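A.B. asks: Below is a structure I'd like to ask you about.
The values are calculated or read from the model by the stated rules, or taken from the named source; none is laboratory data. In this text the structure is predicted, and so the values were computed from the model without any measurement. Cβ coordinates were reconstructed from backbone atoms using ideal geometry, including for glycine residues, and neighbour counts include every protein chain displayed.
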Amino acid sequence: MKLKITCIPGDGIGPEIVAEARKVLDAVVEKYGHDMQYTDILMGGASIDVHGVPLTDEAVETAKSADAVLMGSIGGDTTTSPWYKLPPNLRPEAGLLGIRKALNLFANLRPAVLYEELAQACPLKQEISENGFDMLIMRELTGGLYFGERKTVEENGVRKAIDTLTYDENEIRRIAVKGFDIARKRKKKVTSVDKANVLDSSRLWRAVVEEVAKDYPDVTLEHMLVDNCAMQLVKDPAQFDVILTENMFGDILSDEASMVTGSIGMLASASLNDTKFGLYEPSHGSAPDIAGKDMANPIATILSASMMLRYSFDLDKEADAIDEAVKQVLRDGYRTGDIMSEGCEKVGCKKMGDLIVERIK
């Protein structure tokens with residue numbers, strides 16, 4: 001298969017971690033007989049330094065011409081970087097918002113996995129963490145409260161703020177279809193999270209999800225209120241497979257899920273549109289304080305590359321090879337500084353990439 005990838009190295013540790021992900025991808029495509037072509041574009045601070053804006057039209061067109069986008073990290077030190085003296089629409093993160101909009105990326109996927117080898121980093125009680133967990137939060141990314149009409153007015157001398165939460169059935173249906181499709185690649189269970197006991201938007205959400213579920217008789221559907229889900233994430237995270245939810249709930253729950261893993265340096269993410277196209281990136285930031293020091297953990301970006309193979313190209317076997325190689329490196333006791341524990345061997349960013357490549361070959 002011919003795979004056409006646009007890479008966004010980005011800022012801070014971004015170029016380092018993307019380089020290791022590409023190294024791993026190259027090993028996989030060589031082993032399984034694929035052809036991968038990369039084209040780099042600038043975005044964020046790197047684009048500001050060269051073009052004066054965080055995202056150019058030319059960069060967007062290059063991204064659109066690819067099959068998928070692999071990204072490092074965007075942004076810098078908000079207190080010292082000259083990028084953050086610019087107007088908000090010209091700051092690095094505006095490039096990320098711009099490319100998400102331009103590529104119509106409405107579905108955000110955030111896996112939260114507790115690896116057995118990293119269980120000691122989990123903040124939950126041992127009797128909970130020892131079961132491990134492997135869930136994926138599917139968050140609707142372009143609708144809901146964050147994108148509804150909003151205003152602040154004064155009525156009878158009292159300030160009043162209004163935010164509007166709106167979803168139509170088409171927005172709900174397309175994210176639900178993505179959720180069920182991905183559940184079929186996992187453990188075939190969807191937990192749809194809403195607040196249907198209070199909100200009309202949630203009642204519509206639940207009704208449409210149930211309609212979609214009829215097309216997936218092999219996938220188990222359950223409904224859960226968002227407050228209960230927040231509790232269950234810390235009480236029994238192993239019960240979850242795919243959590244399907246709207247924008248604000250997904251924002252909160254995905255951050256909670258990432259923290260119970262105990263290691264944000266291990267967490268991949270993806271944003272998909274209504275085709276197989278997706279943008280894949282680590283969940284962590286650009287860590288400018290360690291940029292260029294060979295200290296970054298590349299695993300989240302490497303696992304994002306694995307997601308790219310799985311969800312944009314349906315190359316499950318190749319994605320499994322990456323995931324298993326990462327697990328084997330952890331079993332063998334190698335750690336970057338952020339996940340270091342007693343008795344393990346500390347390695348840098350490049351060495352971690354090399355170790356994963358060795359286990360793929």
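A.B. asks: Just one of (1) buried (at least 16 other Cβ atoms within 10 Å of the Cβ); (2) in contact (Cβ under 8 Å) with a residue 60 or more places away in the chain; (3) in the same structural domain as Leu3 (by TED's automatic domain parsing) trips up Ser65, so point out which.
C.D. replies: Only one criterion is unmet by Ser65, namely (1).
A.B. asks: Can you name the condition, by its number, that Met295 falls short on among (1) of a type in the set (A, V, I, L, M); (2) under 28 Å from Gln120 (Cβ atoms); (3) buried (at least 23 other Cβ atoms within 10 Å of the Cβ); (4) at pLDDT 95 or above?
C.D. replies: Failed condition: (3).
A.B. asks: Let me ask something additional. Kindly provide the set of residues from the stretch 21-50 that are within 20 Å of Ile302 (Cβ to Cβ), among the acidic types (Asp, Glu) and assigned to a helix (DSSP H, G or I), ordered by number.
C.D. replies: Asp26, Glu30
A.B. asks: Assess whether Val18 counts as being over 21 Å from the mean Cα position of the chain (by Cα) and either of a type outside the set (Asp, Glu) or in a strand (DSSP E or B) (or both).
C.D. replies: no
Conditions (1) assigned by TED's automatic domain parsing to the domain that holds Ser306; (2) within 24 Å of the chain's Cα centre (by Cα); (3) assigned to a helix (DSSP H, G or I); (4) on the phi < 0 side of the Ramachandran plot, marked per residue:
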residue	(1), (2), (3), (4)
Asp320	yes, yes, yes, yes
Asp323	yes, yes, yes, yes
Lys327	yes, yes, yes, yes
Leu330	yes, yes, yes, yes
Asp338	yes, yes, yes, yes
Ser341	yes, no, no, yes
Lys350	yes, yes, yes, yes
Leu355	yes, yes, yes, yes
Glu358	yes, no, yes, yes
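A.B. asks: Those residues that are out of contact with any Leu (no Cβ under 8 Å at 6 or more places or on another chain) and crowded, with 19+ Cβ neighbours inside 10 Å, I need them from the stretch 71-80; list them, please.
C.D. replies: Gly72, Ser73, Gly75, Gly76
A.B. asks: Which members of the stretch 82-126 meet the condition of being out of contact with any Leu (no Cβ under 8 Å at 6 or more places or on another chain), in a loop (DSSP other than H, G, I, E, B) and under 22 Å from Val242 (Cβ atoms)?
C.D. replies: Asn104, Leu124
A.B. asks: Then there's this: List pairs: first residue in the stretch 243-260 and assigned by TED's automatic domain parsing to the domain that holds Ala183, second residue at pLDDT 95 or above and among the aromatic types (Phe, Trp, Tyr) anywhere in the structure, Cβ distance under 8 angstrom, at least six positions apart or on different chains.
C.D. replies: Close Cβ pairs (under 8 Å, with a partner that is at pLDDT 95 or above and among the aromatic types (Phe, Trp, Tyr)) amount to Glu246/Tyr167; Glu246/Trp205.
A.B. asks: Further question: Quickly run through the stretch 14-34 and pick out the residues that are buried (at least 24 other Cβ atoms within 10 Å of the Cβ), hydrophobic (A, V, I, L, M, F, W, C) and within 12 Å of Lys350 (Cα to Cα).
C.D. replies: Ile17, Val18, Ala21, Val24, listed by residue number.
A.B. asks: So Glu281 fits all but one of (1) outside the structural domain of Ala183 (by TED's automatic domain parsing); (2) free of Cβ contacts under 8 Å to residues at least 60 places away in the same chain; what number is the exception?
C.D. replies: It is condition (2) that Glu281 fails.
A.B. asks: Need the failing condition index for Ala230 against (1) touching a Leu at 6+ places or on another chain (Cβ under 8 Å); (2) assigned to a helix (DSSP H, G or I); (3) in contact (Cβ under 8 Å) with a residue 60 or more places away in the chain, just the number.
C.D. replies: Condition (3) is where Ala230 drops out.
A.B. asks: So the check is Cβ under 6 Å with 6+ separation or different chains; which pairs have a first residue in the stretch 158-174 that's assigned by TED's automatic domain parsing to the domain that holds Tyr216 and at pLDDT 95 or above and a second one that's surrounded by fewer than 10 Cβ atoms within 10 Å (Cβ to Cβ) and of a type in the set (A, V, I, L, M)?
C.D. replies: From the stretch 158-174, the pairs are Lys160/Val153.
A.B. asks: Suppose we keep only residues that are touching a strand residue (DSSP E or B) at 6+ places or on another chain (Cβ under 6 Å) and more than 23 Å from Ser271 (Cβ to Cβ) within the stretch 203-236. Which one would you say is surrounded by the fewest Cβ atoms within 10 Å (Cβ to Cβ)?
C.D. replies: Residue satisfying both the conditions and the ranking: Glu222.
A.B. asks: Oh, and also: Residues in the stretch 138-185 that are of a type in the set (A, V, I, L, M), out of contact with any strand residue (DSSP E or B) (no Cβ under 9 Å at 6 or more places or on another chain) and part of a loop (DSSP other than H, G, I, E, B): how many?
C.D. replies: The total comes to 1.
A.B. asks: From the list Thr62, Thr79, pick out the single residue that is outside any loop (DSSP other than H, G, I, E, B) and over 22 Å from Ile243 (Cβ atoms).
C.D. replies: Going through Thr62, Thr79 in turn, the sole match is Thr62.
A.B. asks: Can you name the residue in the stretch 284-319 that is of a type in the set (D, E, K, R) and in contact (Cβ under 8 Å) with a residue 60 or more places away in the chain and is also nearest to Gly353 (Cα to Cα) among such residues?
C.D. replies: This residue is Asp294.
A.B. asks: Looking only at the stretch 241-275, filter to residues that are more than 13 Å from Glu140 (Cβ to Cβ) and among the polar types (S, T, N, Q); which one of those is surrounded by the most Cβ atoms within 10 Å (Cβ to Cβ)?
C.D. replies: Within the stretch 241-275, the match that is surrounded by the most Cβ atoms within 10 Å (Cβ to Cβ) is Thr261.
A.B. asks: Counting just the residues of the stretch 127-137 that are in a strand (DSSP E or B) and of a type in the set (A, V, I, L, M, F, W, C), which one comes out farthest from Leu279 (Cα to Cα)?
C.D. replies: Among those that are in a strand (DSSP E or B) and of a type in the set (A, V, I, L, M, F, W, C), it is Phe133.
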